[in-house]
Amino acid sequence: MSDKIKVFVIADHPNAPSGVGIQTKYMIESLLKTGRYKVFCFGGAIRHPDYRPQLVEPYGKDFIIFPIDGYGNQEAVRSALATEKPDILWFMTDPRFYEWLWEMEHEIRAVVPMVYYHVWDNHPAPKFNKKWYDSNDVIACISKLTYDVVGEVSPDVERHYVPHAANSDHFYRKSDQEISNLKEKFFSEDDKRVTFFWNNRNARRKMSGSVLWWFNEFAEEVGAENVRLIMHTEPGDKHGQDLITMLRDLNAEDGRVQFSTRKMPPEALASIYNAVDCTINISDAEGFGLATLESLTCGTPIIANMTGGLQEQVTNGEEFFGIGLKPSSKAVIGSQQVPYIYEDRVNKEDFIAALHKIYNMTPQERSELGIRGMLHAQNNYSFKTLEKNWVNIMDSVHEKYGSWENRKPRANAWELMEVI
């Protein structure tokens, strides 16, 4: 029998290209590298060609992925608890996917602690989440905003600020000569266009249509032969807009906007970040925004909406590492499941002005801005710091809260009341 700490993970599949999937993999590997942990994971949120358990090399039986639809269900969790006997349950992403899990917290927390890695996009503090927040032993928070709202709603729950990080083995600023070679490889030796990069899913909140439409207006102003927008996305995604039709109807099929649809390994994406001049994200809600962090880590400045986790990337409160766009409107939107949250929108004039500002910089000015952003990323979103902090948190959870026969529930988790 192994004496390693066994962690049960529920999240996006660790090989999924989503930000949650990428970070799940990084955080799992940080535990496995210690030699003191083993992990089995419900790998969800993607379509699976094969549902057989997958051993992940080089970890073998210490890292097993069980492909599952959605994020699982109560019966699957009961079965996993009974057969695998984990020491900790750790789950990640938006809370609306886990109400079914919290509804069985009395079963789970009777034997193991629940650690939730929380993604939340904006104010106001979601008081409707209190019952869910209170159902965890520990909440790890993706952004400073998330950390603040959890503290406001459920101050008695242990929480930690654990932002994303970009793996510096892949994402780093290349030498000036390497960057010059990449520009020549991707474009051409005499191509002097200023190139903007947009790396997101083609989905409503990502504002893909606005980015394309407004960039086209900007291109008309400065000359389409002088600028380029590369959109790394699926232009026909059913959750987004038909970007191909939009481009055609704008009569803008001359190369000013180009689509990149092939899934790429991290090192290939890093080469693109190094070759372009600026990365864009103007989502109306963004828990963190991994692409902009990857860009900064590669020394390339960003244009970002001052919302969610984006705002702490583009500025440290004293200086900016690109251009931060203050929302021109904050609409309170919601649903039956999420009754209220701000949706932050930027306006066309501010966005186009930001494009002009980057465009009018000299290459040296853009480079200096990007290098300051790289140092900001290194100081605040270090990959080594993420690994160290996550191991420390999980070590503390295991020691502080125990599991099975040694289970020690969170203090103040229950309240005793006299019934008359």
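Only the coordinates and a few stated rules stand behind these numbers; no lab work does. None of the values given here were measured: they were computed from a predicted structure. We place every Cβ from the backbone using ideal geometry, glycine too, and count neighbours over all the protein chains shown.
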Note to self: Can you say what percent of the DSSP beta bridges in the chain, counting only those with both residues inside, are antiparallel? Round to 5.
What the structure shows: 15 percent
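Taking each pair of different alpha-carbon atoms in the chain once, compute 1/r for the pair, average those values, and report the inverse of that mean as the Kirkwood hydrodynamic radius in Å to one decimal. Walk me through the intermediate numbers first.
Working: mean 1/r = 0.0440 Å⁻¹.
Kirkwood radius, the chain: 22.7 Å.
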Item checked: Karplus-derived HN-Hα couplings along region 350-365 (A = 6.51, B = -1.76, C = 1.60, θ = phi - 60°), whole Hz, x at Gly and Pro -> 5, 5, 5, 4, 5, 4, 4, 4, 5, 4, 7, 6, 6, x, 5, 5
Checklist line | Within straight-line cross-link reach of K326, lysines at Cα separation under 17 Å, skipping those fewer than 8 residues along the same chain | finding: K206, K348, K357
Checklist line | Interchain or long-range residues, amide H under 5 Å from R159's placed H | finding: I139
Notebook entry, point to check: HN-Hα J couplings of region 268-274 from phi, Karplus 6.51/-1.76/1.60, θ = phi - 60°, integer Hz, Gly and Pro as x?
Noted result: 6, 4, 4, 5, 5, 4, 5
Checklist line | Residues with amide H under 5 Å from that of H232, placed H, sequence gap 5 or more | finding: W198, N199, N200, S260
Check: In straight Cα distance, which aspartates and glutamates are under 14 Å from K4, not counting same-chain residues fewer than 8 positions off?
Finding: D62, E84, D87, D395, E399
Notebook entry, point to check: Can you give the Kirkwood hydrodynamic radius of region 176-380 from its Cα pairs, in Å with one decimal?
Noted result: 17.3 Å
Notebook entry, point to check: What percent do you get for the relative contact order of region 120-216 when only Cα pairs under 8 Å and 6+ apart count?
Noted result: 20 percent
Next item on the list: Only Cα pairs under 8 Å and at least 6 apart count here; give the relative contact order of the chain as a rounded whole percent.
Entry: 16 percent
Margin query: Check which residues have an amide H placed less than 5 Å from V257's amide H, if you skip close sequence neighbours.
Written below: L229
Notebook entry, point to check: Which lysines does K6 reach when only Cα atoms under 24 Å apart count, and residues fewer than 8 places away in its own chain are ignored?
Noted result: K25, K33, K38, K61, K85, K384, K388, K400, K408
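What GluC sites (Glu not before Pro) in region 271-349 are in a loop by DSSP, with at most 12 other Cβ atoms within 10 Å of the Cβ?
Working: sites: E286, E294, E312, E318, E319, E343, E349; in loops: E286, E318, E319.
Loop-located and lightly packed - E318, E319.
Using only alpha-carbon positions, what ratio does the radius of gyration of region 1-114 give when scaled by 2.2 N^0.38 Å?
Numbers: Rg = 13.2 Å, N = 114, 2.2 N^0.38 = 13.3 Å.
Normalised Rg, Cα atoms only: 0.99.
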Next item on the list: Step through the residues of region 313-328 one at a time and calculate ³J(HN,Hα) from phi using the Karplus curve (6.51 cos²θ - 1.76 cosθ + 1.60, θ = phi - 60°), rounding each to whole Hz and writing x for Gly and Pro.
Entry: 7, 7, 8, 9, x, 10, 9, 10, 10, x, 10, x, 9, 5, x, 7
Note to self: What's the ranking of 273-285, 68-80, 381-393, 18-30 by average number of surrounding C-beta atoms within 10 Å, highest first?
What the structure shows: 273-285, 18-30, 381-393, 68-80
